[in-house]
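Report on the structure given below.
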Amino acid sequence: MEIIQNHKRLYPTAIVLYLNYLVLGVAASILGQYKQEFAAQWGAATLANGAFDASGVVWVSASLGLGCLIGSFVSGPLSDKIGRRIVSAVGSICYAVFFLGMVFSTNLQAAYVFGLIGGIANAFSNGGVMPAVMEIFVGKTAVASILTKLFVAIGQFILPLLILFVASNHMPYTTLFYVFPVLCAVLTILTFVMPFPAMTAADKSSKDQPSFWQEIKAIHFTPSSIALIIMGFTTTATFQIWVNCNQEFGRWVGMENPAIIQSYYSVGIVAAVLLTAAVVDKYIKSIRLLLLYPAIALTMLIVLLFVHHPLIAIIGGFVLGYSAAGGVLQLVTAVVSDLFPHLKGTIISVVMVMSSIGTWVGVSAAGSIASMGGNNGPEYVILFNSAVTLMSVLLALFVNISSKRHA
């Protein structure tokens, strides 16, 4: 369990850590791909058309978000207190428990508990992996953070291919739920044996250095840091509202196959991750992108609000995938973590708590607005999303102005 400062030697460690986010990409999507199978396994009622009621599976899927919220309260402080290695390993172990738990659950209640564990795995990855890779890629915190989004996208990309392979070879639907725990076990072992970077915090052996809890108590939140933390809420809400409501909007503007919006949305995400990783802090500062990307998203939402056409909806899918979901949240965590270099894990967890709340509040509010809006519900949801995104723009503008004043 070597701790070293030669960061190039740590690149293999970074790859191992990033693979946790590939697992996250699979874990976050896989239940939705096997709704009928798990509905039957967990005792769902049969509908009039012969299909199983899959609402319980959606309920279990939602438990991952709640688990992430719960875990985020402790994962970051633990990471700063006991180290990145153990917290990252706990994340891998929890993912393994999640996958196996889905297979062995015989009712919705048990599955829900394992869903919570899957969400806790996400929180511990955020608390352990994200600060660790930031400490590996010294001076490139934005790139280190953005790459987590890339690996999530890779996981979501390969999942349909893996499902197709399983189905074409007549394997049981539970196959992948056994394969990924094996990968998680390998990641756990490698996490314990591979070298890790020294934590950013100063040497705790010195009597002059404050204790961890003294540092926690001494945290001073500046107006800029508060604005960035709130952006954890607003930036997440923007893309979660779109993801959960774009199909209805597509049908509302006359699309026969609104699912294509999601495909272009995914392409936009990958394009943003690759381009942002190439230019951030090299050609353009990450703090500037925090203003540029929400501004692009707001502009696109306003266009969608006034131009009701299928082609514009498709273009909107790509643009919002690029500008709202292509790593803005990761840029927020990178910028705010630079303000608290000794407590990266803790401050990332604070942002992720706000992100989880943003998902819950944003999607819940959008659902209520859509119901109250009747036939024009999708239009009102776009208007609501525009207001949320405007908040991101104003907050980012404030952060940029403050940074210039203190430059």
Q: State, to one decimal in nm², a quarter of the convex hull surface area for the C-alpha atoms of region 222-341, i.e. the direction-averaged projected area.
A: 7.4
Q) Considering every pair of different Cα atoms, what Kirkwood radius, in Å, is found for the chain? A) 21.9
Q: Among the chymotrypsin sites (Phe, Trp or Tyr not before Pro) in region 272-377, which ones are in a DSSP loop with at most 11 other Cβ atoms within 10 Å of the Cβ? Mind listing them?
A: Tyr283
Q: May I ask for the longest run of the chain untouched by GluC sites (Glu not before Pro) that are loop-located per DSSP and have at most 11 neighbouring C-beta atoms (other than their own) within 10 Å?
A: 3-255
**Q.** Paramagnetic reach from Ser29 in region 130-164 [backbone N under 20 Å; point 7 Å along Cα→Cβ]
**A.** 146-164
Q) Out of region 272-316, which trypsin sites (Lys or Arg not before Pro) are coil in DSSP terms and have no more than 11 other C-beta atoms within 10 Å? A) Lys282
Q: Sticking with the crude label model, points 7 Å out along Cα→Cβ, report the distance from Ile219 to Lys8 in nm, one decimal please.
A: 3.6
Q) How large is the charge dipole for the chain, taken about the Cα centre, if only the Cβ atoms of Lys, Arg (+1) and Asp, Glu (-1) carry charge, to the nearest 20 debye? A) 880
(Q) Under the 0.36 nm per residue contour assumption, what length would be gained going from the current alpha-carbon distance of Ala185 and Ile302 to full extension? (A) 37.5 nm
Q | 5 angstrom amide H check on Phe52, placed H, neighbours 5+ away | A | Leu47
Q. Put a dot 7 Å past each Cα toward the Cβ at Ser403 and Ala198; how far apart are the dots in nm?
A. 2.8
Q: With viscosity set to 0.890 mPa s and temperature to 25 °C, compute the Stokes-Einstein D of region 337-390, Rh being the Kirkwood radius across alpha carbon pairs; µm²/s, no decimals.
A: 191
Q) Could you give the length gained on full extension between Val166 and Ser364, defined as 0.36 nm per residue of separation minus the Cα-Cα distance, in nm? A) 67.8 nm
Q. Among Leu47, Val279, Phe124, whose Cα lies farthest out toward the positive end of the dipole of the chain, if unit charges sit on the beta carbon of Lys, Arg (+1) and Asp, Glu (-1)?
A. Val279
Q.
Bins of 5 Å, beginning at zero and ending with the bin holding the largest distance: percent of Cα pairs per bin for region 3-199, please.
A. 1, 8, 16, 19, 19, 14, 9, 6, 4, 2, 1, 0, 0
Q) For the cross-link pairs Lys8/Lys404; Lys35/Lys149; Lys81/Lys282; Lys81/Lys149; Lys8/Lys81; Lys8/Lys140, which exceed 21 Å when the distance is taken from alpha carbon to alpha carbon? A) Lys8/Lys404; Lys35/Lys149; Lys81/Lys282; Lys81/Lys149; Lys8/Lys81
Q: Would you mind ranking Ser356, Ser225 by Cβ crowding within 10 Å, fewest neighbours first?
A: Ser225, Ser356
**Q.** Inter-label distance, nm, simple model (7 Å from Cα along the C-beta direction), Ala51/Lys285
**A.** 5.1
Q: Based on other C-beta atoms within 10 Å, arrange Met372, Met391, Met300, Met134 from fewest to most.
A: Met372, Met391, Met300, Met134
Q | the chain: calculated mean residue ellipticity at 222 nm from DSSP helix runs of at least 4, using -39500 (n - 2.57) | A | -27000 deg cm²/dmol
(Q) Can you tell me the length gained on complete extension of the stretch Ile312 to Gln36, counting 0.36 nm per residue apart and subtracting the Cα distance? (A) 96.0 nm
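Every number here is computed from the coordinates shown, using simple stated rules; none is lab data. Here the structure is a predicted model, which means the values were calculated and not measured. Please note: Cβ atoms are built from the backbone with ideal geometry, for glycine as well, and neighbour counts cover all protein chains shown.
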